[in-house]
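Working notes, structure below.
Just so it is clear, none of the values below were taken in a lab; they were calculated from the coordinates. Quantities reported herein were computed from a predicted structural model and do not represent experimental measurements. No Cβ is skipped: glycine too gets one built from the backbone with ideal geometry, and neighbour counts run over all protein chains shown.
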Amino acid sequence: MTYTTVLTETRERVGIVTLNRPQAMNAFNATMLGELFDAMEAFDKDENIGALVVTGNEKAFAAGADIKEMADATPFQMITEARVDVWDRIRGIKKPVIAAVSGWALGGGCEFVLSCDMVIASESAKFGQPEITIGIIPGAGGTQRLARLIGKNLTMEMVINNRTLSAAEALQFGLANRVVPVEGYLDAAVAFAEEIASRAPMAVRMAKDAVNAAFETTLTEGLKAEKRNFYPLFSTEDQKEGMQAFIEKRKPNWKGK
Ligand code: CAA
């Protein structure tokens, strides 16, 4: 598949998608959004891939939705052309998605990061929801996902008063898993993803699904969802192999079955 606005690469069992509109700070236009999700869905279907990394460049992960593309839009166009609904395609990705963020992650760029499963930030990463400065509010999940992740008051400050978070603050408030030096930040994220990709694939898939259930439901329903994912794993060859390997004091040899 040839893309014009994203680059794709595989390293061992990790699929890497790099946002590639550096002239626009990786702002998401319709083409890049479509290609990003197409590339992610292709890696998600590929059984040789166990985890995905999405990244930008050192200066910008992504500076949000393309303002020039949206400037003249009407509400009718925003709805009928599904300009923000399309972002929900990330919710269909079953494998873990790691955002490798350096520089700006603003607006839709920050919202995309919030939709990923884990975040490796370079020391230069900056996260913000500056939509208020252009007369709108976040439309791709920012108000909801930020509030769930970092709490109400700080979310209010970010969304209403354009407060940005440094990489250190993102780590402190739970938005980033790790902060690493700018040099080699992508390699660090890929190494992190490779470890995840080397685990039993169906268990990883069930684990992601179960954790996500925590954000959709009550504790009682969430615990039921966890059980629904836990029991079927005992029908996999990898469960038998994993437990046998533990007993025999050796490394498991996962089959993905
Ligand atoms: N859309 C379109 N173009 C953008 C862009 C965006 N979101 N962000 C940056 N660019 C373009 C600039 O217009 C500029 O292009 P030209 O050279 O043709 O003028 C180029 O990228 C470089 O940008 P700057 O000269 O501004 O670079 P800087 O280093 O001075 O500043 C920045 C970097 C802080 C990221 C700044 O560009 C900026 O504030 N960008 C806009 C951020 C923003 O408001 N994002 C929210 C978008 S709305 C949204 O995302 C809605 C939603 O919820 C889905």
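Could you please tell me the mean projected area of the C-alpha convex hull for the chain, averaged over all directions and given in square nanometres to one decimal? Mind showing how you got there, number by number?
Values: hull surface 60.3 nm².
In nm², the orientation-averaged hull projection of the chain is 15.1.
Looking only at the chain, where both bridge partners belong to it, what percent of the DSSP beta bridges are antiparallel (to the nearest 5)?
On the way: 8 of 30 bridges.
DSSP beta bridges in the chain are roughly 25 percent antiparallel.
Please work out how much length the chain gains when fully extended from E41 to I160, using 0.36 nm per residue of separation minus the C-alpha to C-alpha distance, in nm with one decimal.
Numbers: separation 119, 0.36 × 119 = 42.84 nm, distance 3.37 nm.
Roughly 39.5 nm would be gained on extension.
Could I have the simple spin-label model distance between T220 and T133, label points 7 Å from Cα toward Cβ, reported in nm to one decimal?
Result for the modelled spin labels: 4.7 nm.
Per residue and in Å³, how big is the convex hull formed by the alpha-carbon atoms of region 94-209?
Values: hull volume 10.4 nm³, N = 116.
Convex hull of Cα atoms, per residue: 89 Å³.
Using the Karplus curve 6.51 cos²θ - 1.76 cosθ + 1.60 with θ = phi - 60°, what ³J(HN,Hα) values do you get for each residue of region 203-214, in whole Hz, with x for Gly and Pro?
5, 4, 4, 5, 5, 4, 4, 5, 4, 4, 4, 4
Would you compute, from DSSP H runs of 4+ residues alone, the mean residue ellipticity of the chain at 222 nm, taking -39500 (n - 2.57) per run and dividing by the full residue count, rounded to the nearest 500?
Theoretical 222 nm ellipticity from helices: -12500 deg cm²/dmol.
Take the residue pairs K68/K94; K94/K227; K59/K257; K68/K95 and return only those whose Cα atoms are more than 29 Å apart. Write out the running numbers ahead of the final one.
Numbers: K68/K94 32 Å; K94/K227 18 Å; K59/K257 41 Å; K68/K95 33 Å.
Those over the limit are K68/K94; K59/K257; K68/K95.
In degrees between 0 and 90, to the nearest 10, how far off the longest principal axis of the chain does helix 237-247 point, with axes built from Cα atoms?
70
Apply the a/c threshold of 1.5 to the C-alpha gyration tensor of region 33-170 and tell me whether it is rounded, prolate or oblate.
Values: a/c = 1.73, a/b = 1.14, b/c = 1.51.
Since a/c reaches 1.5 but b/c is at least a/b, the shape of region 33-170 is classed as oblate.
Between region 44-74 and region 201-226, how far is it from one alpha carbon centroid to the other, in angstrom?
Using only Cα atoms, the two centres lie 26 Å from each other.
Straight-line reach from K208: which aspartates and glutamates have Cα under 14 Å away, leaving out those fewer than 8 places along the same chain?
Result set, ordered by chain and number: D44, D117, E216, E226.
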